Amino acid sequence: MKKFGPALLIAAAFIGPGTVTTASIAGGKYGYALVWALLFSVIATFVLQEMASRLGIVTGKGLAEAIREQFTGISRVLTIVLVTGAIGIGNAAYQSGNLTGAALGLTNVVGARIEVWVLIIGTLAAILLFIGRYQLIERALIALVMLMSLVFIMTFIMAKPDLGQMFSGLFSLDIPTGSILTVIALVGTTVVPYNLFLHASIVASQRQVDEPLSTALRDNRIDAGLSIGLGGLVTLAILSCAATAFFATQTQINASNIATQLEPLLGGYANTFFAIGLFSAGLTSSITAPLAAAYAVTGALGWSSSLQDKRFKMVWLTVIIVGVAFASLGIKPLAAILFAQAANGLLLPIIALFLIWTMNNKSLLKEHANGWLANSIGGLMVLSVSLLGFYKLFSLF
């Protein structure tokens with residue numbers, strides 16, 4: 001029985017620069033007060049990713065394709081506009097954060113301006129997607145991300161965080177003054193909308209016809225639980241390291257000192273290792289984000305999802321170009337990455353609602369449609385993120 005599968009790629013995709021930066025800011029500024037938001041995010045991620053992957057296994061279709069087939073006439077047009085708009089805007093913002101994070105890592109090690117590295121990394125991602133031979137490089141990058149994850153977990157153990165405060169933050173549901181955007185970003189960097197489309201498409205393409213459906217669904221749940229649980233553990237370790245290094249010492253966290261949280265384990269090599277890991281995470285996500293956007297948009301529009309199709313290439317290329325443009329505007333790196341995660345958090349309810357709607361279609365999924373528990377958790381997640389988003393918008397006026 002397989003233990004890890006496609007969901008490990010999903011976990012590696014959301015442990016990108018946004019996770020490292022957002023979790024570091026959450027821990028550095030607010031200590032363990034937002035641990036509850038992380039737990040909520042991990043549970044929501046598992047529930048939604050299990051839904052998306054179950055859809056792919058049962059129907060053999062991607063999420064966008066399944067959504068498109070449920071509507072006709074003007075409702076189909078409006079649905080296509082909403083899905084492509086949400087994923088297009090969300091992935092452009094996310095791509096900007098990915099490129100900025102990867103560029104920040106290279107700048108700290110090699111030097112040169114962030115804008116130069118953004119252009120180089122964006123070009124590299126485009127080349128890898130264009131030739132379609134990025135699998136080996138992607139595996140290597142995932143390995144580097146996992147290595148960085150191991151270091152964070154080991155640093156977490158060596159730093160001996162206050163477990164009492166951690167568990168207190170787990171159940172406090174506290175929202176410190178000024179932390180709303182960070183809460184939304186923490187959700188947005190964990191429950192990534194484009195991963196829902198990517199996961200469904202991957203499992204649909206890898207589904208083996210001769211494998212019993214019950215076995216495939218069981219293995220899928222185990223894969224999702226282990227992989228997303230690992231991602232949550234890594235994010236908790238990052239938040240805890242930052243809480244110990246910055247919040248406990250009342251040190252302000254910024255782009256120049258964010259790597260110091262690794263010093264208990266790596267000493268003088270902390271900055272170099274952190275930068276390499278940030279670059280690896282950024283480049284991995286810079287490939288998966290445009291790819292997922294292409295699957296979503298082509299599926300919604302009824303186009304071919306072949307990697308060699310011109311319209312498929314046009315979509316991911318547009319996401320890369322827009323991401324490079326926004327990442328080159330000279331916005332402060334940490335602010336740009338945090339904004340990208342917050343944008344994802346605000347757009348998430350739109351995609352989640354479409355997913356839940358689709359998963360309740362018994363004519364499509366039959367006995368594998370959603371039950372009351374999945375609907376309840378999914379609905380709670382959508383309601384909570386929506387309320388946080390509206391609260392943030394109203395606070396601006």
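The values are calculated or read from the model by the stated rules, or taken from the named source; none is laboratory data. Every value quoted in this text rests on a predicted model; they were computed, and no experiment measured them. Here Cβ is always computed from backbone atoms with ideal geometry, including for glycine, and neighbour counts include all displayed protein chains. The accessibility values were calculated without ligands, DNA or RNA, using every heavy atom of the protein model including side chains. Shrake-Rupley method; radii C 1.70, N 1.55, O 1.52, S 1.80 Å.
Numbers at a glance
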| quantity | calculated |
| --- | --- |
| Qualifying residue in the range 343-362 (condition: in contact with a Lys or Arg (Cβ under 9 Å, 6 or more places away or on another chain), under 17 Å from residue 57 (Cα atoms), at pLDDT 70 or above and open to solvent by less than 30 Å² (accessible area, probe 1.4 Å)) | yes |
| Selected residue (criterion: farthest from the chain's Cα centre (by Cα)) from residues of the range 201-238 that are part of a loop (DSSP other than H, G, I, E, B) and more than 22 Å from residue 299 (Cβ to Cβ) | 210 |
| Candidates 388, 380 - the one that is open to solvent by 40 Å² or more (accessible area, probe 1.4 Å) and at pLDDT 65 or above | 380 |
| Candidates 44, 66, 52 - the one that is surrounded by 20 or more Cβ atoms within 10 Å (Cβ to Cβ) and at pLDDT 90 or above | 52 |
| Qualifying position, being modelled with pLDDT of 85 or more and more than 30 Å from residue 174 (Cα to Cα), among 83, 58 | 58 |
| Single residue of 180, 157, 153, 184 found to be farther than 26 Å from residue 299 by Cα and surrounded by 24 or more Cβ atoms within 10 Å (Cβ to Cβ) | 184 |
| From 243, 216, 224, 255, residue being of a type outside the set (Phe, Trp, Tyr), surrounded by 15 or more Cβ atoms within 10 Å (Cβ to Cβ) and at pLDDT below 85 | 255 |
| The range 139-150, subset more than 21 Å from residue 242 (Cβ to Cβ) and surrounded by fewer than 18 Cβ atoms within 10 Å (Cβ to Cβ), residue modelled with the lowest pLDDT | 140 |
| Candidates 204, 216 - the one that is touching a Gly at 6+ places or on another chain (Cβ under 7 Å) and of a type outside the set (D, E, K, R) | 204 |
| Hits in the range 93-123 (condition: at pLDDT 85 or above, open to solvent by 30 Å² or more (accessible area, probe 1.4 Å) and among the hydrophobic types (A, V, I, L, M, F, W, C)) | 116, 117, 119, 120 |
| Within the range 288-328, considering residues that are more than 22 Å from residue 17 (Cβ to Cβ) and polar (S, T, N, Q), the one modelled with the highest pLDDT | 298 |
| Cβ-Cβ under 6 Å pairs, at least 6 apart or on other chains, the range 352-381 side of a type in the set (A, V, I, L, M, F, W, C), far side not in a helix (DSSP H, G or I) | 359/370; 369/360 |
| Residue identified as open to solvent by less than 60 Å² (accessible area, probe 1.4 Å), small (Gly, Ala, Ser) and either at pLDDT below 80 or touching a strand residue (DSSP E or B) at 6+ places or on another chain (Cβ under 6 Å) (or both) among 28, 90 | 90 |
| Criterion violated by residue 33 - all others in (1) part of a helix (DSSP H, G or I); (2) touching a residue at least 24 places away in the same chain (Cβ under 8 Å) satisfied | (1) |
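Condition check ((1) closer than 21 Å to residue 236 by Cα; (2) polar (S, T, N, Q); (3) open to solvent by less than 10 Å² (accessible area, probe 1.4 Å)) across all residues:
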| position | (1), (2), (3) |
| --- | --- |
| 12 | yes, no, yes |
| 15 | yes, no, yes |
| 20 | yes, no, yes |
| 56 | no, no, yes |
| 59 | no, yes, no |
